[in-house]
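One structure is given here, and the rest of the page talks about it.
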Amino acid sequence: MFTAVVYALTSGCAWRHLPTTFGTSPATAHRPFTVWTEAGLRRRLQRAVLDELGARGEVDWTSAIVDAASVRAKRGDR
């Protein structure tokens, strides 16, 4: 199930299109993802991976893309 979650996150595929080769339904794979996200594990893992890649010089920090799933949009005046 862990590999199914990693696949969905790294490939960008919608959960409903998760290949059957993982041997789990999309809903079953999504459940731990939700729990891990609510516990803050996903954000800590992303940070650890980016820190490691940054230390190796394998990340181009001159540009960034902010994913709305990770950063809450501000309300009010632009």
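The values are calculated or read from the model by the stated rules, or taken from the named source; none is laboratory data. Since the structure is predicted, the reported quantities are computational estimates derived from the model, not experimental observations. For neighbour counting, all protein chains shown are included, and Cβ atoms are generated from backbone atoms with ideal geometry for every residue, glycine included.
Identify the residue in region 7-33 that is over 17 Å from the mean Cα position of the chain (by Cα) and surrounded by 13 or more Cβ atoms within 10 Å (Cβ to Cβ) and, among all such residues, is nearest to LEU50 (Cα to Cα).
PHE22
The criterion of at least 2 residues that are at pLDDT below 85 and of a type outside the set (A, V, I, L, M, F, W, C) is met by the following helices (runs of 4 or more DSSP H) wholly inside the chain: 41-55. Of all residue pairs spaced 6 or more apart or on separate chains, those with beta-carbon atoms under 8 Å, a first member in region 31-57 that is farther than 21 Å from LEU18 by Cβ and a second member that is at pLDDT below 90 and not acidic (Asp, Glu) are ARG43/THR37; ARG43/SER70; LEU50/VAL59; LEU53/VAL59; GLY54/TRP61.
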